[in-house]
Each structure stands twice: as C-alpha cells, then as structure tokens.
1. Label points 7 Å out from Cα along the Cβ direction at residue 381 and residue 207: separation in nm?
2. Using a/c under 1.5 as the rounded threshold, could you call region 245-326 rounded, prolate or oblate? The axes a ≥ b ≥ c are square roots of the C-alpha gyration tensor eigenvalues, and prolate needs a/b larger than b/c, oblate otherwise.
3. Pulled fully out, how much extra length does the chain show between residue 232 and residue 178, if you take 0.36 nm times their separation in residues and subtract their Cα-Cα distance?
4. Over region 16-115, what relative contact order in percent results from Cα pairs under 8 Å that are six or more residues apart?
5. If you wrap a convex hull around the alpha carbons of the chain, what volume per residue comes out, as a whole number of Å³?
6. Quick check: residue separation of residue 393 and residue 252 times 0.36 nm, minus the Cα distance between them. What number comes out in nm?
7. Please compute the length gained on full extension between residue 46 and residue 405, using 0.36 nm multiplied by the number of residues separating them and subtracting their Cα-Cα distance.
8. Would you work out the relative contact order for region 268-357, in percent, from Cα pairs under 8 angstrom that are 6 or more residues apart?
Ligand code: SAJ
C-alpha cells in the first residue's frame, strides 16, 4: 500500500490499527481509537490482562476517569478486540507499540521488551504498514535500532517494506484519557509523508496540536521535556538548602523570585519519583553520546533529597534528646505524588533504606497506596518522630495534639511544606522542614 493510500484510509477510518502493549499508555490509546470508529486489535503478552479486557474489565489500578466505562463500551461493541497473538498485526495497516522502556541500574536503557515486540511485529507485518513507537526511547533509537530490528525481522527495507514513526506519549496517572485528548503530540516520521499519515491517525483522538518532525527530533523532545522538569525541581531543591542554611523561608523566596518575569521556581521536596522524571534524563543522556553535566547533576541533587530528609530528622531527634539508632519513625506517605496510588520510584523507599542503615525502624502510612497502613494512630503511636514525605491532603490537617500525646517523642520533619511550624511548636513538637531555617 502506498503512503498516500494509507493516509486516505487513515483519514476515512477504513485503515485497521493494532496496539501492542496494553498498559497505562497502550490501553487508553486502543480505547480512544476504537471509540473514534477505527477497528482496533489490542495485543499484550500477559494472558490475564488480555482476559480481563476481553471481559470488558479495566486492569489499570487507580482512579482513571471514564476509562473503565469506555473500555466496556468499545469491547462490548466489538470495536476493540484483544489477543496475546502478535501475528494479528498481519491484518492491520498501522501498529502502535507502547511497551515499557525502563533503565538499568547503570542508567542505560533496557530495550528487551521493545526489541522483542518490534521483532515479533516485523515477522508478521503487512507490506507497506506503518509502525509507530509511543514508548519513550533515547534519541537515535528509532533510526539506529528499531528500523534495523524491523528490517531484520521483515526482510525488507524502511520506506518500502514498512514505514516508521515515533509519537511519544504525554500521559499522567489519573488523567490518562484527558491528557491523550488535550496534550499536543509530536508526529515524528521516517519521512514527511509518514508524519502526515500519523497526523491523519492521531487527529481522530487528539484535539491539540499535532506537530510533524523527524524521528530523532521527536525522541529528543520527549526525553528533554522531562529532563528539563528534573533540572527545574533540582534547582528548587538546591535553593531550599540555601534557605535552610542562610535562615530564610523557601516558599517566601520562591514566591518573590517568581514575580520576576520568566521565572518559575518549582517546589522543593523530599525527592523525585514516578515513572517518567527519574528515567527520562538518563535516556536523553544515553542518546547524547556525551556527558550532560547539568542533567546528571540535577539527577544527583534530586536523588540526594531523601537522605537530606534523614539528616533533618537526625538533627531534630538530637534537639529533642534522641538519636536515630533504636528510634521508631512514622513515615507519612509512600506514593510518588500527592493524591496518587502510584508508588513507582517512591522517594520514601530511599528514605526507608537510609533509616534502616542507621538502626532506625520505620512504619509507613499511606491513604492511597494499596497494601499500605491506613490507620494513622496505629502508625504514629509510640513513635519518636513523624516524617511527612508526600503532600497527601489528609496530612495538611494532622491533629498534632492527639498524635503527639501518643508518641514517645514529639519530633516532626516536613518534606512537603504541609505542616504549619507554629502549630507544630505549640503542640510541643521539635520541627525541621525542607526549605525552612535549620536553627
Ligand atoms: N516534584 C517535586 N517538585 C515539583 C514537582 C514535582 O518535588 O515542583 C516531584 C513529585 O513529588 C514527584 C516527582 O517530582 O515525586 C514527579 O512529579 P511530576 O509532577 O513531574 O509528575 P509526573 O512524574 O507524573 O510527571 C508527569 C510528566 N508527564 C509526562 O511524562 C507525560 C511530566 O512531563 C509533566 O510535566 C508532569 O506530569 C506534570 O506537569 O504534571
């Protein structure tokens, strides 16, 4: 099929689509395209996930507005079929790939899932079909690796046997469908006509800008937009430490700095978690083939914040006549983000390891994360200190008088600007906080 024909069939929705990888990126994408009137087959290697979806049940945890109902609707209408069999791609014109691309301990990308999916797709791909990678990858990956995997597995050349695109996602847990509809997307194509064909496809679900670019540009946009945010957060964290040492209030400094045009200091905190921000700077670095001192330094600053919280705790315990060794610490918040049940790369995990290495025992509370303690009194009673690691709404209204009455020592460390120091001190607490004067 020529690209012109493919584009026409994408525009009139007679083209057929496969989505490989039915996670928090692929599944909402499959549902939205199916709801737009395109015939979609969803493919995932996890049998239990495929069975759930085939029953019209959403396998994604957490509160995702509209997704369960939309999934039930498109599966019930037969617009979305699902299978574990990759050979189903032989019957479609476009294949979207949304499998995970984590980084190894040495920060290099782990492409095993992506390579397996791409090679499996290539082995069954219809001639002239378009493969679009939505997974976040290092700059240069589509041009230097994905194209080769497809050539080796399909026996044909890029631009003839198959076409290749990269359309990085901008989803957020809790807003999967909303972000897919409302956020601008980059249609990175192996040629300008491929980018135009991608626009014809995504126009059916994306109401925002669809900008055409080449493959590598699209890869750099995605990894750098998150590396940029990581650097912004690292600056806020470093400014907070200036305020702690010099004796100023970070939030006051931040508000005044942000009155200056073009400034936007973000919030300092107890660390940077989640599935995107901690990973994407390393993917950018890997693709740059040279060191990125600012990006790498920002990663180091943000990764140091859980230990910094620990140092504030050690100081506060000492001021209250205690010590870390043998202490019982109540840690409030395990999710990576306020109001979320997502605990991927949780900064609290790093704090727990830091405490354990110093002989302190910890109990963790979180009102949203599955499997975590929900009873605040049970976690805080008999504790030597409270550490607020996540700005969950309930932590903004702690009854410190009653919590303090059941604690062994009244020590509090606030890593997310949620506790009012005056209220804490009037309840008899020794308090330290990120971005507040340390003495
Ligand atoms: N964080 C701070 N200070 C801040 C902002 C965040 O310490 O000022 C911490 C959070 O506590 C969390 C981590 O950083 O642990 C990540 O927070 P995030 O607000 O960046 O949320 P994410 O990880 O869900 O980032 C997503 C990204 N979206 C996509 O990759 C599609 C990111 O590009 C968005 O900028 C971000 O959402 C957003 O703006 O909400």
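None of the figures in this text is laboratory data; all of them are computed from the coordinates on show. Note that this is a predicted model, so its numbers are computed, not measured. So basically every Cβ, Gly included, is an ideal-geometry build from the backbone, and we count neighbours across all protein chains shown.
1. The answer from the label model is 5.0 nm.
2. On the way: a/c = 2.90, a/b = 1.35, b/c = 2.15.
Oblate, because a/c is 1.5 or more while a/b does not exceed b/c.
3. On the way: separation 54, 0.36 × 54 = 19.44 nm, distance 2.48 nm.
My answer for the length gained is 17.0 nm.
4. Working: 169 pairs, mean separation 35.2, N = 100.
This gives 35 percent for region 16-115.
5. Numbers: hull volume 63.9 nm³, N = 439.
About 146 Å³ per residue, rounded to a whole number.
6. Values: separation 141, 0.36 × 141 = 50.76 nm, distance 2.15 nm.
Contour length minus the Cα-Cα distance gives 48.6 nm.
7. Values: separation 359, 0.36 × 359 = 129.24 nm, distance 4.95 nm.
Contour length minus Cα-Cα distance gives 124.3 nm.
8. Values: 82 pairs, mean separation 35.8, N = 90.
Relative contact order here is 40 percent.
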